[in-house]
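So the structure is just underneath, and the comments pick up after that.
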Amino acid sequence: MILPEWLLWTWFALAALSTGYVAWDNFVTGNPEETVMKWGWVLITGYMGPIAAALYVLADKEPRPGEHERFIRPLWKQGIGSTVHCIAGDATGIVAAAVLTSVLGLPMGLDLAVEYVAGFGVGLLVFQALFMKDMMGGSYRAALRGAWVPEWLSMNMMAAGMFPVMIFLMMGRDMRAMDPLTPQFWAVMSLGVTVGFFVAYPVNVWMVAHNLKHGLMTARPAPDATTSSVPRLPAEALS
């Protein structure tokens, strides 16, 4: 990337501060969101920095006590939540695989294939099926069956945005971006995830509107001190 390193390090510092804020607001202040979504926000902010923190404030941070259910209701916010849930898993798989393939010295075509499989696998097997199985009656197999088509659609859109950024900036502009020990590598990952997020957003809005994926949710303590989840409203109520 033809950018001064001080600018890259400034971005990383802002991303760290943004991630700390989102983690603090979710886990310390206690934003009434489901745990899987809290971790999704933390991960996505680590990749997207202040951009994700701004989306969090706009779409999911409870503005005043007792208003989270109403606040997250609009479909565009539900679409953001669905995209966060998707990209958090997909991006984690892709970034981990990119580090591994770089260390192994695999050629670009092969490493993209490995990264696609890793992103799809982490997104489907962990963030979709494992973390959401309770919403599917507690069955991992049922959650897997219900999640693979939405995950496939979302992952394809994510890859359509992220992979061209990686190819152009890693191979065509600055070979330092191939090395995970350089700030250029992590800057490309950050930019790629950000582009992938916004490319995947429209299909996630469509899937939420057609009840193929969940969006944001509300989780509040029930009178018996257990956690009760309030799922999103039906799609027809979100417009």
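The values are calculated or read from the model by the stated rules, or taken from the named source; none is laboratory data. Keep in mind that what you see is a predicted model, and the values were worked out from it rather than measured. In this analysis, Cβ positions are derived from the backbone assuming ideal geometry, glycine residues included, and neighbour counts consider all displayed protein chains. All accessible areas refer to the heavy atoms of the entire protein, side chains included, with ligands and DNA or RNA removed. Shrake-Rupley method; radii C 1.70, N 1.55, O 1.52, S 1.80 Å.
Tabulated results
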{"read-out": "Tabulated pairs, the range 137-164, first charged (D, E, K, R), second in a helix (DSSP H, G or I) and surrounded by fewer than 18 Cβ atoms within 10 Å (Cβ to Cβ), C-beta under 9 angstrom, 6+ apart or interchain", "value": "145/136"}
{"read-out": "Check on residue 82, of a type in the set (Ser, Thr, Tyr) and either modelled with pLDDT of 95 or more or touching a strand residue (DSSP E or B) at 6+ places or on another chain (Cβ under 7 Å) (or both)", "value": "no"}
{"read-out": "Close pairs (6 angstrom Cβ cut-off, 6 or more residues apart or separate chains): under 15 Å from residue 155 (Cβ atoms) in the range 190-210, of a type outside the set (A, V, I, L, M) and surrounded by fewer than 24 Cβ atoms within 10 Å (Cβ to Cβ) anywhere", "value": "195/161; 196/161; 199/161; 207/150"}
{"read-out": "Residues of the range 45-74 satisfying the condition of being among the acidic types (Asp, Glu) and under 21 Å from residue 18 (Cα atoms)", "value": "60, 62"}
{"read-out": "Residues of the range 151-168 satisfying the condition of being buried (at least 22 other Cβ atoms within 10 Å of the Cβ), over 14 Å from the mean Cα position of the chain (by Cα) and over 12 Å from residue 191 (Cα atoms)", "value": "none"}
{"read-out": "Test: residue in the range 85-105 that is under 20 Å from residue 220 (Cβ atoms) and assigned to a helix (DSSP H, G or I)", "value": "yes"}
{"read-out": "Selection status of residue 76, under 14 Å from the mean Cα position of the chain (by Cα), open to solvent by 60 Å² or more (accessible area, probe 1.4 Å) and closer than 20 Å to residue 204 by Cβ", "value": "no"}
{"read-out": "Residue 11 vs. criteria more than 29 Å from residue 212 (Cβ to Cβ), part of a helix (DSSP H, G or I) and not aliphatic (A, V, I, L, M)", "value": "yes"}
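Let's see how each residue does on (1) over 28 Å from residue 208 (Cβ atoms); (2) of a type in the set (S, T, N, Q); (3) open to solvent by 10 Å² or more (accessible area, probe 1.4 Å); (4) without any contact (Cβ under 8 Å) to a residue 24 or more places away in the chain:
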residue	(1), (2), (3), (4)
28	yes, no, yes, yes
47	no, no, yes, no
51	no, no, yes, no
57	no, no, yes, yes
86	no, no, no, no
96	no, no, yes, no
100	yes, no, yes, yes
112	yes, no, yes, no
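Here is a yes/no grid of residues against (1) modelled with pLDDT of 95 or more; (2) part of a helix (DSSP H, G or I):
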{"residue": "6", "(1), (2)": "no, yes"}
{"residue": "18", "(1), (2)": "yes, yes"}
{"residue": "24", "(1), (2)": "yes, yes"}
{"residue": "29", "(1), (2)": "no, no"}
{"residue": "39", "(1), (2)": "no, yes"}
{"residue": "42", "(1), (2)": "yes, yes"}
{"residue": "47", "(1), (2)": "yes, yes"}
